[in-house]
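First up is the structure itself, then whatever we jot down about it.
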Amino acid sequence: MTETKEYPLPTVHMNGTSKEMLYKGNIHILQAINELEKSISKCEFHGRDYYVQDTDPHSYGTYNTALKERQKHFKNIQAFKDYIEKHLEHIDSQ
């Protein structure tokens, strides 16, 4: 799991954005992230698409590098999702 770092969360107040708008905006982001995760899971990602780039077609070196890169970006998406969920929890508690 990604290490949690402290960061500012919005405060609902009279002169700021309404609670409803803050909540809806973050819900919209969360829905988009969920759609992105769904799209990623449906995207074909297979070693056969990378082996031709290796000098040894049985090594899967290029595929493993590509997989590691994809996993890195997916972890970043998960971290952003956690960030948005914390916003929603905080906004809802006010």
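We did not get these values from a lab; they are worked out from the coordinates using the rules stated. None of the values given here were measured: they were computed from a predicted structure. Virtual Cβ from ideal backbone geometry, glycine too; neighbours counted across all protein chains shown.
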(request) Just add up the charged neighbours of residue 90: K/R +1, D/E -1, any other residue whose Cβ is under 13 Å from the Cβ of residue 90. (result) -3
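What value, in deg cm²/dmol to 500, does the helix sum -39500 (n - 2.57) over DSSP H runs of n ≥ 4 give at 222 nm once divided by the residues of the chain?
Values: 2 runs with 56 residues, N = 94.
After summing the helix terms and dividing by residue count, I get -21500 deg cm²/dmol.
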(request) For residue 69 paired with residue 37, estimate the spin-label separation in nm (one decimal), with each label point 7 Å from Cα along the Cα-to-Cβ line. (result) 2.5 nm
(message) Just to compare against my own numbers: the Cα pair-distance distribution for the chain, 10 Å bins, whole % per bin, please.
(response) 14, 32, 24, 16, 10, 4, 0
(request) Mind checking which lysines have their Cα closer than 29 Å to the Cα of residue 24? Skip sequence neighbours fewer than 8 apart in that chain. (result) 5, 38, 42, 72, 75, 81, 86
(message) Straight-line reach from residue 19: which aspartates and glutamates fall under 14 Å, measuring Cα to Cα and dropping same-chain residues less than 8 apart?
(response) 89, 92
(request) Add +1 for every Lys or Arg and -1 for every Asp or Glu among the other residues with Cβ under 12 Å from the Cβ of residue 74, and state the total. (result) +3
